[in-house]
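The values are calculated or read from the model by the stated rules, or taken from the named source; none is laboratory data. Just so it is clear, the structure is predicted and the values come from calculations on it, not from any experiment. Glycine gets a Cβ as well: all are built from the backbone with ideal geometry, and neighbour counts include every protein chain shown. Ligands, DNA and RNA are excluded from the accessible area calculation, which covers all protein heavy atoms including side chains. Shrake-Rupley method; radii C 1.70, N 1.55, O 1.52, S 1.80 Å.
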Amino acid sequence: MNQDNLGSVINGAFARLQDSALVRMLGTGILVLLMQIPIAMIARTIDERRTTKDAAFDEVTRTWGAGQELTGPILTVPFLERWVDNDNKTRIRSGARHFTPRAVTVRGRAETEVRRRGIFDVPLFVAHLRVEGAFVIPEATQFGGPGQEILWDQASVAVGIADPRAIRAASRFSFGAQDHAFEPGPGQAATFLSGGLHVPLAAVGKPGARVPFSFDLTVGGSKRLTVVPTGDETLVTLASPWPHPSFDGAWLPTDRRVSPSGFEASWRVLNLARNFPSSWIAQEVDSTRLSASAFGVSLLSPVDTYRTNERAVKYQILFVGLTFLGFALFELLAGVRIHPIQYLLVGLALCLFYLLLLSLSEHVGFSRAYGIAAVAVAGLVGGYVRFVLGKTSRALVVTGLLGALYGFLFVLLQIQDYALLVGSVGLFMVLAAVMWFTRRVKWYQLRTA
């Protein structure tokens, strides 16, 4: 075989491969995979923008106040323990026992406002809390054996505050018939409270006596307001004009009312349901164990645009794959030749939708940004493929396909709980449509023009 004949054979084989339906479909699949490179870059951009938002949020909350958690009040009574060791020497060890109240009632209202840092909105609150309840002064038998000396005159009451820098005001602490001024820091409760206030008590009353207490506290904060149920019975009522609460923590409210003008919620928790005792010594209970029983409300924005953008990006292969599949079918069934570069340009336009959606949603909200980005990309692709496919009717088919896909995706993003069901039914219908339109295709005889 001479060189000319060999060249003709090679060219003929290349032409047959180029016209092969299987090769064209495989090439389309490779182009879909190639589009995952810009999609990955956009997904990374979403993460970066979320990090920027978190940084702006932290900058505001660092000076205003972070999430607030109210713990207590808790009564602490020091004691000295004496014993004789093996050398007949008297040893003395100091300790403290902590007691929770018999009952605690917390009534609070969180006034909210939104501060803007750059392009980001940061919801903040100022909570006005009224705390009431009663302690039962412990008996001497609750401290242990007869070798212990109870230091009643060194007792104190501590109130835990997650971010004490944001305390705006605190009334005097009413304990029985006496009022006491709060002092900074958790005092003797520092072993299990990272921050807060305390009140030294020169006298606590007779053992077994029931002593009421009350105080008012105003704290600033952001994100979350929670309460640790320290009472044998803890009753909490929280209200706020914020219309988008998220009730969370160890317990949900027993009663709640949410409306566009705000919310009001109530909790009732017994000591039998929590994971720490009513009395303990030293390191038997720590802040982590207390916080595990906290409950309350989060005051967050109703829509996390970055999370919704992330969910939208997860469906991108559906858009790119079905659009490219439509082009491949035009090639196979209508005899239209589409160059890989044209595939890539359309694919990049589809990828650009997610970048437009991300950038616009930071300014005009997700729903409006979605509509603008969908119309812009569908119009761009439709106008371009009018010249690629050669007929306006074909361009309208592609534009209609994109419009249906964008509408379908928007529905999926709005119904998160049913997204799997609706998505699987939608994919089934798409597959059924493809099988119907290609049911008479003789694939072994098919060649592109």
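Each residue in the range 358-369 was checked for being crowded, with 19+ Cβ neighbours inside 10 Å and either at pLDDT 85 or above or polar (S, T, N, Q) (or both), and 4 pass. Only one of the listed residues (125, 120) is over 14 Å from residue 207 (Cβ atoms), among the aromatic types (Phe, Trp, Tyr) and touching a Lys or Arg at 6+ places or on another chain (Cβ under 8 Å). That residue is 120.
Applying the condition of being under 29 Å from residue 197 (Cα atoms), in a helix (DSSP H, G or I) and in contact with a Leu (Cβ under 8 Å, 6 or more places away or on another chain) to the range 43-80 and asking which residue is modelled with the highest pLDDT yields 64. Of all the listed residues (127, 134), the sole one being more than 17 Å from residue 166 (Cβ to Cβ) and at pLDDT 85 or above is 134. Do we find a residue being of a type in the set (D, E, K, R) and closer than 23 Å to residue 246 by Cβ anywhere in the range 289-297? No: zero hits. So, in the range 120-130, of the ones that are open to solvent by less than 50 Å² (accessible area, probe 1.4 Å) and over 18 Å from the mean Cα position of the chain (by Cα), which residue ends up nearest to residue 72 (Cα to Cα)? Checked the range 120-130; the qualifying residue nearest to residue 72 (Cα to Cα) is 129.
Of the strands (runs of 3 or more DSSP E) contained entirely in the range 241-333, those carrying at least 3 residues that are of a type outside the set (A, V, I, L, M, F, W, C) and touching a residue at least 24 places away in the same chain (Cβ under 8 Å) fall at 245-249, 262-270.
Scanning for something modelled with pLDDT under 75 and more than 21 Å from residue 311 (Cα to Cα), does the range 423-437 turn up at least one residue? Yes, the range 423-437 has at least one match. Restricting attention to the range 81-113, the residues that are modelled with pLDDT under 80, open to solvent by 40 Å² or more (accessible area, probe 1.4 Å) and not polar (S, T, N, Q) add up to 9. The listed residues are 232, 216, and the only one of them that is modelled with pLDDT of 90 or more and either small (Gly, Ala, Ser) or open to solvent by 30 Å² or more (accessible area, probe 1.4 Å) (or both) turns out to be 216.
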